[in-house]
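Derivation of every value follows stated rules applied to the coordinates shown; laboratory data play no part. Just so you know, these numbers come straight off a predicted model, no measurement behind them. We place every Cβ from the backbone using ideal geometry, glycine too, and count neighbours over all the protein chains shown.
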Amino acid sequence: MDTARSLLSRITEKSNQNEHLPLTNAQNPDVIDLPVPAQKHSSRKIWIFWIVLCLTIPPLVLYLSLPFIRSDTFRNFTSPFQSKPSATVNDTHPPDIDDYIPPHVTVPINQTRPSVSKDCQDLTNLTVYCIREREHAAPQHDLDLPYPEGRTGRYITFNNQFGLIGFNNQLQELLLNAYLSWRSGRSYAFRDVSFRYTGLHVPLSAYIGGPSVGEPILDTTIHGPPARSVDQQYWHQVCPPDEVVYLNVTTEQAEMGIEGDGKTEGSLLVEKWVERLSRKEERCVEIMFKTPRIFDFTLLDNPHLISIWPEFHKSPFVRDFIWSPLVHRAYSHNVHFMASLPDSWKVPELGENYTLEGLLVIAVRRGDYKGHCYLLWDAGLPFNTWDMLPELPDAYIRDAPDSPAEKAKFVKHCWPSEEEMMAKIRKGREDSGDTLKRIFMASNAELEYLEEFRENLLKDGWESVVHTLSKGIEFPTEEEALCDAMVDMEIARRAQVFIGNGFSSLTSNAVMMRLTDGKDPKTIRFW
């Protein structure tokens, strides 16, 4: 800074001494090369230049952002869909942690459990508005219920959850947070799903079912009598601000001796937080807004996470995980075409465990991964979450020093060429004893790329090949259009063999479901 000030002083002094000195002078070392200022007669040109620049930059930025916007959350989603807003709770957040003020509450504390309107009492009415209405009216949203629920129950909400990232990452975090709540003997107050590029806030039960969204925990022999999860509206009723203990993750983890940046073993981190959240005198706990997430990317993309798996995947939030009726309907509308199944094949009931025999599902990440892979390489990251499990045949944990050979290995996993993918697909067919006949490609690639890849696979002997943008895949309602990524995950879950991108959260969620369903790890491969 002192050098900069000295330099500026010398320039000013020299300018005052002789205003006619040239600004570029190789013989005079005290004269600094600077651009010649524009003349007055060119001011109009400058204004025109800035106006043109301001008009062209926003469209250019939008155009360049399209590959990133077209994530694995939305495929054919073309019209913005916003569910009717809830007029009960306004979850506004403060700008700074130090000046934290609890969210503004407009729900009367003594309000009874909401009723469901006549139109929404029909469970086949799957509009987002009715899904939210039924979510609010869940049986556990009753202050008069006995402990461990009702006004004497113990609750927790993660106000730092869901950082407007893709649904796949949000699913990972919410399941881990629900698991931590369950281990701590607290009812998990779940939040809406949020999407950065559309501004959508969708009720969580529009996407998933099971204990995470308040359905009963059937196995009560583990960790005591469980309380059902509740939504945010009920949280504000049962936990008024003066009864809430607000926890700053940074402060709490420092007191626990937990190192940041994913340096602490996952199982140890869970045990420390279970101990902290089990305090009986703290009935309602809120993990504060704008504090670091407990399960952040430094842990989700870290081999230390693996130690959580043995108990995590046996928890009711994973073991009893199911999709919502809306997702199941969208899946039922498309699975025959996606998996090239005969019309006579009957779609199993929601929650039933089965396998689509003869089907290979491949996850082909393109689009945003053209740049994202190099960001992952520069950050030194391994596979994503459960893709790192050592029992998986192609598990990759980057522990070698940077080198051309290591980088080539990394790129082969993250951005494989078409030839490399074809080789892996042939190997999968051989390993199955040639029982694989059909392929579904889940991808964010462009139509031209997918069509060309499809033709090459058909030439390689596959009976049928369907991809993400095939014309036969349809989502007939706006609500179903929100479910395309979930449909991709469900068909990857049910396939006989699945080949995914180990750096993808969609892939790791499918891996979690396949292993929890009891599928052989050998049926899970990575590029």
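Summary table
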| quantity | calculated |
| --- | --- |
| Part-to-part distance (alpha-carbon centres) for the range 482-527 and the range 148-162, which is given in Å | 31 Å |
| Hits among lysines - C-alpha to C-alpha of K437 under 17 Å, sequence gap 8 or more where chains match | K424, K427, K459 |
| In order through the range 202-219: 3J(HN,Hα) via Karplus (6.51 cos²θ - 1.76 cosθ + 1.60), integer Hz, x for Gly, Pro | 10, x, 4, 6, 5, 10, 10, x, x, x, 4, 10, x, 6, x, 8, 6, 8 |
| Summed residue charge, Cβ within 12 Å of M256's Cβ, Lys/Arg positive, Asp/Glu negative | -3 |
| Partners for K118 among aspartates and glutamates (Cα-Cα distance below 12 Å; same-chain residues under 8 apart left out) | E133 |
| Unit charges on C-beta of K, R, D, E only; dipole of the range 405-515, Debye | 640 debye |
| Footprinting exposure proxy for D144, D301 (fewest neighbouring C-beta atoms within 10 Å first) | D144, D301 |
| Listed peptides 323-334, 202-213, 236-247 by packing density, highest first (mean Cβ within 10 Å) | 202-213, 323-334, 236-247 |
| 5 angstrom amide H check on S187, placed H, neighbours 5+ away | R154, Y155, I156 |
| Greater than 29 Å apart at Cα, pairs in K409/K522; K272/K409; K370/K519 | K272/K409; K370/K519 |
| Residue exposure sequence - F297, F526, F49 - by fewest surrounding Cβ within 10 Å | F49, F297, F526 |
| Size of electric dipole in the range 405-466: Cβ of Lys, Arg +1 and of Asp, Glu -1, about Cα centre, debye, nearest 20 | 300 debye |
| Set of aspartates and glutamates near K314 by C-alpha distance (under 18 Å), chain-local residues within fewer than 8 positions excluded | E173, E215, D219, E271, E352, D387, E391, D517, D520 |
| Residues I322, I308, sorted so that the one with the fewest Cβ neighbours within 10 Å comes first | I322, I308 |
| Residue-by-residue Karplus 3J(HN,Hα) for the range 301-313, coefficients 6.51, -1.76, 1.60, Hz, glycine and proline x | 10, 8, x, 4, 5, 4, 5, 7, 3, x, 8, 4, 6 |
| Residues with amide H under 5 Å from that of G500, placed H, sequence gap 5 or more | A363, R525, F526, W527 |
